[in-house]
1. Which residues, taken from region 211-242, are over 18 Å from ILE286 (Cα atoms) and within 21 Å of the chain's Cα centre (by Cα)?
2. For region 281-290, state whether one or more residues are farther than 30 Å from GLU82 by Cβ and out of contact with any strand residue (DSSP E or B) (no Cβ under 6 Å at 6 or more places or on another chain).
3. I'd like to check something: does region 169-192 contain any residue that is small (Gly, Ala, Ser) and more than 13 Å from the ligand (Cβ to nearest atom)?
4. All but one of (1) at pLDDT below 95; (2) over 15 Å from the mean Cα position of the chain (by Cα) hold for TYR174; state the number of the condition that does not hold.
5. Report, by residue number, each residue of region 251-307 that is surrounded by 15 or more Cβ atoms within 10 Å (Cβ to Cβ), assigned by TED's automatic domain parsing to the domain that holds ASP221 and β-branched (Val, Ile, Thr).
6. Considering region 119-157 alone, what residues qualify as being of a type in the set (D, E, K, R), surrounded by fewer than 23 Cβ atoms within 10 Å (Cβ to Cβ) and within 18 Å of VAL92 (Cβ to Cβ)?
7. Check every one of the helices (runs of 4 or more DSSP H) wholly within region 25-103 and list those with 1 or more residues that are more than 15 Å from the ligand (Cβ to nearest atom) and touching a residue at least 24 places away in the same chain (Cβ under 8 Å).
8. How about region 159-201: which of its residues are in a helix (DSSP H, G or I) and among the charged types (D, E, K, R)?
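The values are calculated or read from the model by the stated rules, or taken from the named source; none is laboratory data. Every value quoted in this text rests on a predicted model; they were computed, and no experiment measured them. Note: ideal-geometry Cβ built from the backbone for every residue, glycine included; neighbour counts use all protein chains shown.
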Amino acid sequence: MATENQSGPSGRAFSGIQPTGTIHLGNYLGAIKNWVDFQDTTDGIYCVVDLHAFSVPREPGEVGAATLEAARDLLAIGIDPERSILFVQSDVRQHTELAWFMQCSAAFGELRRMTQFKDKSESNDFVSAALFTYPALQAADILLYDTDVVPVGDDQRQHVEFTRDVAQRFNATYGDVLVVPEHYIPPAGARIMDLQHPENKMSKSAVSELGTIFFTDSESDIIKKLKKAVTDNDGEVRFDPESKPGVSNLLNVLAVAKGTDPVSEAEGYSQYGPLKADAAEAVLEIVRPIQKRRQELDDGDVRAILADGADRARAKATEVMDRVRGAVQLL
Ligand code: AQP
């Protein structure tokens, strides 16, 4: 059971990231920072969900290369293979097997209501069936590890709720087989917005590169992106996401990076320029050591960590999948 003590939740934590591009500040502040912090209190399992990336068309080799880079990023950010399991989804075949049963437990109508499906089906020419059933694979990812808590950004709230619903539906038919998880969405940083279009969340595939701070960006690019961040014309530094989305996003970035809160940060500024400069410095303090560690990790080490992680993950996944197969009573 996920319980929360002063330093964070306990029990088993599971979460994943798609290898669809370089990890950005939103991924870090909304999710990965918590994966790292929760290693003190939870039994963590973290996954590069490469199969999900194929739900939109990909070139051969593209996802594989990005998978290695995503794993390297996670290690550099602080996922510690001594304390957590880090692995690649496609290395553990039970994910796709359980996904079938989750599709069988999901209603067409509830999948149709998923906002990510609505958004992505509008922005892709080829709308694959996998884009539609994606949440069932995500539910399998989570449920395969008897997960108590899923640390994610706010955009994943609906998918974790879906996971709970299908797990409960499955259990209602087949017995108490799957652990029903809870999400952990941080009180601040759960939705970092695009610096150029603060009405949209920061994303790997943003329209303008200026909108997203990538962990591979140079110092000068990070400073430039924050300097050019869209604000507004009234010149007042105030945390008000509704009417001042750009300024509020900068305050949020600054506050989450420093571990403070955006409302009190606002009191320290009367102009946008110094706020942008301080936000850039706070981000650079996070990014600098991560970039250094990233350079020190060679491919061989990353691959070895993933192979070991896959073995450990497979052992747990086999246990749960055997339980599921037993519960449905296959011949
Ligand atoms: N802007 C964000 N603010 C806070 N959290 C965020 N997350 C993503 N964007 C933000 C959280 O990061 C984790 C991994 O995300 P993902 O693998 O689902 O990919 P993504 O980064 O959400 O996808 P993008 O950036 O939107 O990429 P594309 O453009 O490829 O679809 C999740 O926990 C997510 O909540």
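1. As a first pass, look at region 211-242 and keep what is over 18 Å from ILE286 (Cα atoms): 211, 228-242.
The answer is GLY211, and nothing else.
2. Going residue by residue through region 281-290, those that are farther than 30 Å from GLU82 by Cβ are 281.
Then drop every residue that is not out of contact with any strand residue (DSSP E or B) (no Cβ under 6 Å at 6 or more places or on another chain), which leaves 281.
Taking every residue of region 281-290 in turn, at least one turns out to be farther than 30 Å from GLU82 by Cβ and out of contact with any strand residue (DSSP E or B) (no Cβ under 6 Å at 6 or more places or on another chain).
3. Scanning region 169-192, I find at least one residue that is small (Gly, Ala, Ser) and more than 13 Å from the ligand (Cβ to nearest atom), so the answer is yes.
4. All conditions pass for TYR174, except number (1).
5. VAL253, VAL256, THR260, VAL283, ILE286, VAL287, ILE290
6. Our first condition is that a residue be of a type in the set (D, E, K, R); within region 119-157, this holds for 119-120, 122, 125, 141, 146, 148, 154-155, 157.
From what's left, surrounded by fewer than 23 Cβ atoms within 10 Å (Cβ to Cβ): 119-120, 122, 125, 146, 148, 154-155, 157.
The one that is of a type in the set (D, E, K, R), surrounded by fewer than 23 Cβ atoms within 10 Å (Cβ to Cβ) and within 18 Å of VAL92 (Cβ to Cβ): ASP146.
7. Numbers: elements: 33-37, 50-53, 62-77.
Result: 62-77.
8. Initial filter on region 159-201 (in a helix (DSSP H, G or I)): 159-174.
Selection gives GLU161, ARG164, ASP165, ARG169.
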